[in-house]
Amino acid sequence: MSTYAIIETGGHQLRVEPGRFYNIHHLASLTSSKLEQNTKILIYRVLMIRRKSDIDIGHPWLKGAVVKGRILHPHLEKKKTIYKMISKKKMRRKSGHRQRSTRFVVDSIFSNGKEIYE
């Protein structure tokens, strides 16, 4: 696709395109009770928008740029195991955790109140 935006959310920068879904770890503005299916979200931290050959870069964010989307479902990621072992001391420790993340789909990208088409 020739139209995309780079957003900042959850401490990461993502390259998002309309119609695709993405996993993010933290949605700071939403609590766990509001993370229901088909909840509409607006992301205002848009760093860059590219449409065909035009590129708009913000400093640090673009004013008037919004990425609209909706939550598909919250879920847990694969379990990460941490295994610590000290040789010759018979010390072994195994622990792990599952990171919570939210899958959302990008519906449209707006710049200055106008939807960007491909």
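Miscellaneous remarks
- Test for residue 44: is it open to solvent by 80 Å² or more (accessible area, probe 1.4 Å) and either hydroxyl-bearing (Ser, Thr, Tyr) or in contact with a Gly (Cβ under 7 Å, 6 or more places away or on another chain) (or both): yes
- Test for residue 76: is it at pLDDT 90 or above and on the phi < 0 side of the Ramachandran plot: no
- Members of segment 104-118 found to be open to solvent by less than 60 Å² (accessible area, probe 1.4 Å) and either basic (Lys, Arg) or more than 27 Å from residue 26 (Cβ to Cβ) (or both), listed by number: none
- Looking at 50, 15, just one residue is within 13 Å of the chain's Cα centre (by Cα), assigned to a strand (DSSP E or B) and of a type in the set (Lys, Arg), and that residue is 15.
- For first residues located in segment 58-84 and under 19 Å from residue 15 (Cβ atoms) and assigned to a strand (DSSP E or B), partners that are open to solvent by less than 50 Å² (accessible area, probe 1.4 Å) and among the polar types (S, T, N, Q) and lie 6+ apart or on another chain with Cβ distances below 6 Å form the pairs 65/111; 68/108.
- Top-ranked residue of segment 95-118 - restricted to ones that are outside any strand (DSSP E or B) and closer than 15 Å to residue 20 by Cβ, ranked as modelled with the lowest pLDDT: 118
- Hits in segment 61-94 - residues which are within 30 Å of residue 16 (Cα to Cα), among the aliphatic types (A, V, I, L, M) and open to solvent by less than 70 Å² (accessible area, probe 1.4 Å): 62, 65, 66, 67, 71, 72
The values are calculated or read from the model by the stated rules, or taken from the named source; none is laboratory data. Just so you know, these numbers come straight off a predicted model, no measurement behind them. Counting neighbours? That spans all protein chains shown, and the Cβs are built from the backbone with ideal geometry, glycine included. Surface accessibility is based on the protein's heavy atoms, side chains included, excluding ligands, DNA and RNA. Shrake-Rupley method; radii C 1.70, N 1.55, O 1.52, S 1.80 Å.
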